[in-house]
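Below you'll find the structure, written out as structure tokens, and then a few comments.
The values are calculated or read from the model by the stated rules, or taken from the named source; none is laboratory data. Being a predicted model, the structure only gives us computed values, none of them experimental. Neighbour counts are summed over all protein chains in view; Cβ atoms, including those assigned to glycine, are modelled from backbone coordinates with ideal geometry.
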């Protein structure tokens with residue numbers, strides 16, 4: 001009987017037991033995003049994309065434009081309202097928000113800042129020109145939210161990061177440093193932190209990080225928990241450690257559970273809230289931390305890491321700082337609305353019922369339910385139900401690439417290839433950032449029509 005081949009000999013260690021938040025996983029993730037830019041969201045350029053469909057949907061963008069309109073109604077004498085989008089990604093949310101503002105008749109009072117820490121993304125979005133129709137309303141700003149004083153404008157405009165009326169952070173907080181921590185199994189009451197050992201196949205080259213968007217799936221990632229010692233704290237960790245420890249110790253140490261210490265998101269939260277106007281809001285949508293010891297506290301998309309966001313910890317900070325907020329979550333995303341003024345949300349809710357409706361019954365909930373339901377229908381027998389679902393989708397997210405593609409699939413299932421082609425052409429026209437493989441689908445339908 002021959003000897004078993006040692007699989008570990010096929011790997012080389014690229015990170016030998018580092019704290020998770022300071023590991024190669026995080027630096028590779030940041031490098032990949034910086035290199036890929038907008039292509040990290042593109043189904044044309046990547047097979048394993050960063051998901052952004054729901055957060056960028058027109059239904060979601062319009063709900064936030066309505067929030068801004070309500071702010072304008074409460075402050076009729078104010079001139080321009082400053083809106084800042086942090087982490088622009090594909091740019092589709094920006095486009096949908098601005099066309100929603102135009103539809104609502106408020107576009108002339110909107111000063112919209114498109115921002116990202118990656119200048120290449122902003123340059124690409126600007127070069128694609130799909131925001132040019134709103135050029136009088138749009139600025140481009142490079143912003144590192146953990147070092148906000150280093151921010152600069154991409155074009156020659158004097159955009160100041162203060163007195164902000166609405167700040168939007170879609171899937172933003174998950175990119176900031178976070179360290180998974182749990183109660184120690186060895187020493188009662190003490191905390192352990194996650195460390196990782198990362199190895200990559202020897203036949204992979206460093207440049208594969210950018211050319212192969214499934215590289216992370218080929219990495220060997222080993223985990224261990226070791227004592228969380230104060231001597232290893234970074235300055236940013238140390239800044240919020242008392243808050244975090246108080247939060248953790250409210251929980252039963254006998255229950256196995258992982259607590260993400262999202263000190264980066266805490267710093268980002270404070271930096272934004274401090275720059276809000278007296279009537280301003282900060283809106284956060286992100287993947288929520290789940291209190292389950294069997295679920296990893298992070299996900300990977302392409303070659304990026306998305307930390308599960310500890311909204312409960314952020315709420316502890318808001319309560320400490322006397323900021324008012326509303327929070328809701330489901331299994332897919334958490335949504336947090338923060339006001340700098342501790343009375344603002346109460347006063348706003350008293351005069352307008354919109355805030356409670358915005359948080360509890362936001363169209364994004366219906367949008368995500370419809371997308372999931374539509375994706376489950378695969379048989380001819382379900383076509384009539386599918387048509388009804390698509391009708392509902394079109395009402396809340398009209399003239400969107402996703403909606404047109406789904407309608408095209410519906411007609412394809414009915415073998416109505418002429419209408420399928422019509423909606424594919426509509427999808428192509430709506431795909432301003434070139435995120436979808438519409439041309440491929442058009443070729444398939446044309447082949448079926450021959």
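Descriptive notes on the structure:
- Hey, residue 201 touching a strand residue (DSSP E or B) at 6+ places or on another chain (Cβ under 8 Å), surrounded by 12 or more Cβ atoms within 10 Å (Cβ to Cβ) and modelled with pLDDT under 90 or not: yes
- Candidates are the residues of region 75-98 that are in a helix (DSSP H, G or I) and out of contact with any helix residue (DSSP H, G or I) (no Cβ under 6 Å at 6 or more places or on another chain); the one that is surrounded by the fewest Cβ atoms within 10 Å (Cβ to Cβ) is 95.
- Odd one out for residue 111, checked against (1) farther than 25 Å from residue 395 by Cβ; (2) in contact with a strand residue (DSSP E or B) (Cβ under 6 Å, 6 or more places away or on another chain); (3) in a loop (DSSP other than H, G, I, E, B): (3)
- Listed conditions (1) under 27 Å from the mean Cα position of the chain (by Cα); (2) over 30 Å from residue 70 (Cα atoms); (3) modelled with pLDDT of 95 or more are all met by residue 292, apart from (3).
- When restricted to residues that are part of a helix (DSSP H, G or I), more than 20 Å from the chain's Cα centre (by Cα) and closer than 25 Å to residue 278 by Cβ, region 117-163 contains 1.
- Out of 287, 305, sole residue that is in contact with a helix residue (DSSP H, G or I) (Cβ under 9 Å, 6 or more places away or on another chain), over 18 Å from residue 28 (Cβ atoms) and in contact (Cβ under 8 Å) with a residue 40 or more places away in the chain: 287
- Check on residue 433, more than 26 Å from the chain's Cα centre (by Cα) and surrounded by 19 or more Cβ atoms within 10 Å (Cβ to Cβ): no
- Exactly one residue out of 392, 418 is loosely packed, with under 13 Cβ neighbours inside 10 Å and either in a helix (DSSP H, G or I) or touching a strand residue (DSSP E or B) at 6+ places or on another chain (Cβ under 6 Å) (or both): that is 418.
- Residue match in region 335-349 (condition: assigned to a helix (DSSP H, G or I) and either within 22 Å of the chain's Cα centre (by Cα) or at pLDDT 90 or above (or both)): no
- Qualifying residue in region 143-161 (condition: farther than 19 Å from residue 269 by Cβ and modelled with pLDDT of 90 or more): yes
- Among helices (runs of 4 or more DSSP H) entirely within region 192-269, having at least 3 residues that are farther than 22 Å from residue 301 by Cα singles out 235-248.
- In the set 270, 207, 279, only one residue is surrounded by fewer than 19 Cβ atoms within 10 Å (Cβ to Cβ) and at pLDDT below 95; that residue is 207.
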